[in-house]
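Since every read-out is calculated from the coordinates, none of them should be taken as a lab result. Just so we're clear, the structure is a prediction, and the values are computed from it rather than from any experiment. Quick reminder, even Gly has a Cβ in these numbers, built from the backbone with ideal geometry, and neighbours come from all protein chains shown.
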Amino acid sequence: MKVVRRICAVIVGTIFFVAGMLKLMDPVGTGLIVQEYFKFLHLAFLIPISKVTAVALSLFETLLGAAMITGVWPRVTGLLTGIVLIGFTVLTLFLWIFNPPMDCGCFGEALHLNHAQSFWKNIALVVLWGIAYIPLGKAPTARRAKHVSFWITVVSMGVFTFMTLKGIPPIDFTTFKPGVTLMQAQYGAAPDSPLLSISDADGEYCDDLLSTGTVMFFSKYDPEDISARTLDRINDFKSKLDSIGVKTVTAVSSVDLGPGEYSADRRTLMTVNRSNGGVTLFSDGLIVAKWPASRLPDVSFVADLASSDATEAMMKENAPRRMRLQGFLLYVFAVLLLL
């Protein structure tokens with residue numbers, strides 16, 4: 001029975017850890033999900049702190065999962081996990097009953113569950129939790145080495161969180177992920193292709209600007225929040241791209257447009273690129289690569305991507321990010337399970 005209890009604890013812990021990490025990987029997207037929860041709970045006054053809340057809750061979920069996997073402080077871990085699971089089971093039950101037009105966000109953008117699926121998932125986790133931790137006094141205590149594993153994971157996830165806050169998700173699960181072709185660049189029916197609409201100061205749609213040739217798309221979903229220093233760096237990068245013949249298009253979530261700017265939906269811009277002021281490279285409407293405002297690419301590298309086959313360029317830029325994330329996951333689980 002002791003082995004069964006540990007297996008159940010590891011299963012629940014792994015689900016918590018993976019779910020939390022997927023949300024940490026995309027703090028902007030998770031912040032949008034938390035906004036929907038605040039609206040559903042009639043706590044709209046908390047919307048300004050939705051991103052901070054999202055990061056804090058996701059990090060807590062990840063570390064709680066790590067504690068379950070390693071088995072440290074079983075009574076405290078079991079009690080906290082039970083409170084979280086019961087709370088979210090009740091919440092998802094209300095979501096199922098009232099059926100608001102929102103996603104549960106349990107696994108970020110990686111996996112979408114409807115409200116019924118989310119509720120029954122929580123019920124299954126409650127059952128596994130009960131097997132693992134009830135009664136709390138009989139939960140097995142971890143050996144000392146597992147405490148070292150846990151604290152190594154805490155530091156590692158702190159670094160991971162800092163990196164994701166400064167950049168963009170290492171793996172993009174949104175509708176505007178690299179490899180997807182915009183709807184306006186398709187010649188036939190393509191239901192999975194997203195629509196990115198931009199309009200000029202007169203309200204005329206200019207979507208065709210993004211569907212032909214190589215285009216570097218600058219997206220500013222909160223232009224007033226971009227610092228002067230970042231804006232100077234963005235403008236300098238844009239000038240360099242213009243000098244090598246790469247077409248640039250800038251879209252902002254505002255009706256007050258500057259010279260050469262286009263207007264677009266704020267949430268759409270946040271989905272195209274999670275970085276406020278980030279850039280996205282298109283090739284005949286195909287999304288090739290994305291970069292955050294804090295780490296704009298070298299112009300020569302962009303020129304190299306632009307001169308390459310679009311699919312090859314997409315793999316060249318995005319494959320290393322995926323490999324780094326996979327390596328990090330292997331490292332973290334090796335620390336949690338093998339140390």
Exercise. Based on the inverse mean of 1/r over its pairs of different Cα atoms, what is the Kirkwood hydrodynamic radius of the stretch 241-302, in Å?
Worked result: 12.7
Exercise. In the stretch 2-166, with Lys and Arg counted as +1 and Asp and Glu as -1 at Cβ, which of these residues, Ala66, Cys104, Gln117, has the Cα nearest the positive end of the dipole, that is, farthest along it?
Worked result: Ala66
Exercise. Once both axes come from the Cα atoms, what is the angle between helix 228-243 and the longest principal axis of the chain, in degrees from 0 to 90, rounded to 10?
Worked result: 50
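So how do Ile244, Ile234 line up by other beta-carbon neighbours within 10 Å, fewest first? If you can, show how the numbers build up before the last one.
On the way: Ile244 11, Ile234 19.
Placing the least packed residue first, the sequence is Ile244, Ile234.
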For this session: Arrange the following residues from fewest to most other Cβ atoms within 10 Å of their Cβ: Met1, Met314, Met183.
Result: Met1, Met183, Met314
For this session: Let me know the charge dipole size of the chain about its Cα centre in debye, to the nearest 20, where only the beta-carbon of Lys, Arg (+1) and Asp, Glu (-1) is charged.
Result: 2480
Problem set entry | Hull-based mean projected area of the stretch 1-157, where the convex hull spans the alpha carbons, in square nanometres | 9.1
Problem set entry | Rounded to 5, the percent of DSSP beta bridges in the chain classed as antiparallel | 60
Problem set entry | P(r), alpha carbons of the chain - 10 Å bins starting at zero, rounded % | 5, 23, 29, 23, 14, 6, 1, 0
Exercise. Hey, got a sec? Which trypsin sites (Lys or Arg not before Pro) in the stretch 68-151 land in a DSSP loop and have at most 14 other Cβ atoms within 10 Å?
Worked result: Arg143
Exercise. Can you list the HN-Hα couplings for the stretch 48-63, worked out from phi with the Karplus curve (6.51, -1.76, 1.60; θ = phi - 60°), rounded to whole Hz and with x for Gly and Pro?
Worked result: x, 10, 5, 5, 4, 4, 4, 5, 4, 5, 5, 5, 4, 4, 5, 6
Seminar exercise, completed: Quick calc, the stretch 143-290, dipole around Cα centre from Cβ unit charges on Lys, Arg (+) and Asp, Glu (-), nearest 20 debye, gives 1360
Seminar exercise, completed: Using alpha carbon centers only, the stretch 117-174 is separated from the stretch 53-98 by a whole-angstrom value of 9
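Which of the residue pairs Lys39/Lys220; Lys23/Lys177; Lys23/Lys166; Lys23/Lys51 have a Cα-Cα distance greater than 18 Å in the structure shown?
The answer is Lys39/Lys220.
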For this session: Return the long-range amide H neighbours of Ala139 (sequence gap of 5 or more, or a different chain), with a cut-off of under 5 Å between placed amide H atoms.
Result: none
Exercise. Which whole-Hz ³J(HN,Hα) couplings does the stretch 195-203 yield from phi under the Karplus relation 6.51 cos²θ - 1.76 cosθ + 1.60, θ = phi - 60°, glycine and proline marked x?
Worked result: 9, 10, 9, 10, 9, 8, 5, 8, x
Exercise. Which Rg and Dmax, in Å, describe the Cα atoms of the stretch 39-121?
Worked result: 14.1, 39
Seminar exercise, completed: Karplus-derived 3J(HN,Hα) from phi for the stretch 317-325 (6.51 cos²θ - 1.76 cosθ + 1.60, θ = phi - 60°), whole Hz, x at Gly and Pro, runs 7, 8, 4, x, 5, 5, 5, 5, 5
Exercise. For Gly245, what is the net charge nearby, where nearby means another residue's Cβ is under 15 Å from its Cβ and Lys, Arg count +1, Asp, Glu -1?
Worked result: +1
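How large is the translational diffusion coefficient of the stretch 266-339 in µm² per second when you combine the Kirkwood radius over alpha carbon pairs with Stokes-Einstein at 25 °C and 0.890 mPa s? Intermediate results must be reported in sequence, preceding the final value.
Working: Rh = 14.2 Å.
Reported coefficient: 173 µm²/s.
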Seminar exercise, completed: Note on the stretch 98-160: the mean projected area of its alpha-carbon convex hull, in nm², is 6.9
